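Here's the structure, in structure tokens; my notes come after.
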Amino acid sequence: MSLRAVQNADIILNDYFVPDDERFELAKDFASGTKEVLQHSRIFVAWIAAGMAAGACEAAFKYTMQRVQFGKPVAAKQLVQAQLVKCVQLVEQSLLLCMQISRMYDRGEVTIGRIAMVKAACTANCREVAAMSRNVMGGNGILLQNQAIKTLMDIEAIHTYEGSHEINTLVAGREMTGISAIR
């Protein structure tokens, strides 16, 4: 239903041997290899979520400015404006987090816990923006042509892959406290 291009698979290898001359030189162990991949991919996923949130927010603004009810644009209503402002706040937070984590990565100052925290925050922000965007569109918010419902479906996959929100939160918590709550 969401992100039609994402393919999941299970690969199971039992008693599989790779000769030394066929191994990747820099692949020392599974943990260090996955850490490197997750550093890159989680930053990328955070940027995707920030971009999706911005798109949903833009669609909500466009819709509420064009949709007229009782002689005024829907955007003239207090509750709609409050939700639009909250959408912009969350988009700005996500963009700033993504810019900061990317700069830290470029300087070699990034940690896996910080990246996990940013990924978790940006995907959670996008979920909230998508829900509010759908909400301000009323019944039309569930139509694919109005973007919000598509973003809601897609963010569910993004919120989960490269580590669920909960796992990313625990990775960040482990780094902050020095105590692992992952069992």
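Bear in mind that the values in this text are calculations on the coordinates, not laboratory data. These numbers were taken from a predicted model, which means no experiment stands behind them. All Cβ positions, even for glycine, are placed from backbone atoms using ideal geometry, and neighbour counts span all protein chains on display.
If you run the Gaussian network model on the chain, springs between alpha carbon atoms under 10 Å, then out of ALA49, ALA148, ALA131 the most flexible one is ALA131. With each label modelled as a point 7 angstrom along the Cα→C-beta vector, the MET153-HIS40 pair spans 3.0 nm. In this simple spin-label model, placing a label point 7 Å from the Cα along the Cα-to-Cβ direction at both MET65 and ARG183 gives a separation of 5.2 nm. Mind telling me which of ARG134, ARG107, ARG67 comes out most flexible in a GNM of the chain, alpha-carbon contacts under 10 Å? Judging by the Gaussian network model, the answer is ARG107. One decimal place: the segment GLN78-GLU22 gains 13.7 nm when fully extended, by the rule 0.36 nm per residue minus the C-alpha distance. Projected label points at MET176 and LEU143, each 7 Å from Cα along the beta carbon direction, are separated by 4.2 nanometres. Pairwise alpha-carbon distances in the stretch 27-183 exceed 24 Å for 40% of all pairs. List the aspartates and glutamates whose Cα sits under 16 Å from the Cα of LYS86, skipping any in the same chain fewer than 8 residues away. The qualifying aspartates and glutamates are GLU58, GLU128. Using the Cβ-Cβ distance between GLU166 and ASP106 with R0 set to 22 Å, the FRET efficiency works out to roughly 0.15. In sequence order, the stretch 51-64 has phi-based couplings of x, 5, 4, 4, x, 5, 5, 4, 5, 5, 4, 4, 4, 5 Hz under the Karplus curve 6.51 cos²θ - 1.76 cosθ + 1.60, θ = phi - 60°, and Gly or Pro positions carry x. Working from Cα pairs under 8 Å separated by at least six residues, relative contact order for the stretch 31-177 is 33 percent. For the stretch 108-183, compute Rh as the Kirkwood radius over C-alpha pairs and then the Stokes-Einstein diffusion coefficient at 37 °C and 0.692 mPa s; write the answer in µm²/s, rounded to an integer. Translational D for this selection: 242 µm²/s. Net charge in the neighbourhood of ALA130 (other residues with Cβ under 14 Å of its Cβ; Lys, Arg +1, Asp, Glu -1) is 0.
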